[in-house]
Amino acid sequence: MATVAVTDETFKSEVLESDVPVLVDFWATWCGPCRMVAPILEELSEEYAGKVKIVKLDTDANQATTMAYGITSIPTLNVYSGGEIVKSIIGARPKRALTEEIEQVLASSPAT
């Protein structure tokens, strides 16, 4: 499953109401580190299909959600479970580090 783009309008249904944990990539087209982490997130989306949903939110085009969650640095990767932020990762990270973060979330999430 490829990453999915979310907007201010779809954030609630795609992220907050999801049955599985959701990693939200807050990014922008002009952000170099965001472009570096994008292919890693695509790979993780495939590897964790059905367990974790990975979505992208363009901060320039979706300022209401960006402001509501206090996003001031990008990339910021927030992980939501049960509609709540359970982890926040600021800055680009290598795949191994992101895999470890996802595994921690899955280990602490109630089974669905």
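Filter region 84-112 for residues that are in a loop (DSSP other than H, G, I, E, B), at pLDDT below 95 and either under 14 Å from Leu23 (Cβ atoms) or touching an Asp or Glu at 6+ places or on another chain (Cβ under 7 Å) (or both) and give the result. Those that are in a loop (DSSP other than H, G, I, E, B), at pLDDT below 95 and either under 14 Å from Leu23 (Cβ atoms) or touching an Asp or Glu at 6+ places or on another chain (Cβ under 7 Å) (or both): Ser109, Thr112. Within region 90-112, the residues that satisfy the criterion of being crowded, with 18+ Cβ neighbours inside 10 Å and under 12 Å from Val37 (Cα atoms) are Ala92, Arg93, Leu98.
Restricting attention to region 47-63, the residues that are outside any loop (DSSP other than H, G, I, E, B) and either under 18 Å from Arg35 (Cα atoms) or of a type in the set (S, T, N, Q) (or both) total 6.
Taken over region 67-89, the criterion of being β-branched (Val, Ile, Thr), surrounded by 12 or more Cβ atoms within 10 Å (Cβ to Cβ) and either in contact with a Cys (Cβ under 7 Å, 6 or more places away or on another chain) or more than 20 Å from Tyr48 (Cα to Cα) (or both) is satisfied by Ile71, Ile74.
Taking region 3-13 as the search range and keeping residues that are charged (D, E, K, R) and over 15 Å from Ile85 (Cβ atoms), which one is farthest from the chain's Cα centre (by Cα)?
So in region 3-13, the residues charged (D, E, K, R) come out as 8-9, 12.
With the extra rule that they be over 15 Å from Ile85 (Cβ atoms), the set shrinks to 8-9.
Details: Asp8: 14, Glu9: 16 Å.
Checking each candidate, the answer is Glu9.
Within region 78-112, the residues that satisfy the criterion of being under 14 Å from the mean Cα position of the chain (by Cα) and of a type in the set (S, T, N, Q) are Asn78, Ser81, Ser88, Thr99.
Rundown of residues vs (1) touching a residue at least 40 places away in the same chain (Cβ under 8 Å); (2) surrounded by 15 or more Cβ atoms within 10 Å (Cβ to Cβ), yes/no style:
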{"residue": "Ala2", "(1), (2)": "yes, no"}
{"residue": "Thr7", "(1), (2)": "yes, no"}
{"residue": "Leu16", "(1), (2)": "yes, no"}
{"residue": "Val22", "(1), (2)": "yes, yes"}
{"residue": "Asp25", "(1), (2)": "yes, yes"}
{"residue": "Thr29", "(1), (2)": "no, no"}
{"residue": "Gly32", "(1), (2)": "no, no"}
{"residue": "Val37", "(1), (2)": "yes, yes"}
{"residue": "Ile40", "(1), (2)": "yes, yes"}
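Apart from one condition, Thr66 fits all of (1) in contact with a Pro (Cβ under 9 Å, 6 or more places away or on another chain); (2) part of a helix (DSSP H, G or I); the exception is (1). Within region 3-11, at least one residue is within 22 Å of Ala97 (Cβ to Cβ), modelled with pLDDT under 95 and assigned to a loop (DSSP other than H, G, I, E, B).
The values are calculated or read from the model by the stated rules, or taken from the named source; none is laboratory data. Remember, predicted model here, so these are calculated numbers, not experimental data. Methodologically, a virtual Cβ is constructed for each residue, glycine included, from the backbone with ideal geometry; neighbour enumeration extends over all protein chains shown.
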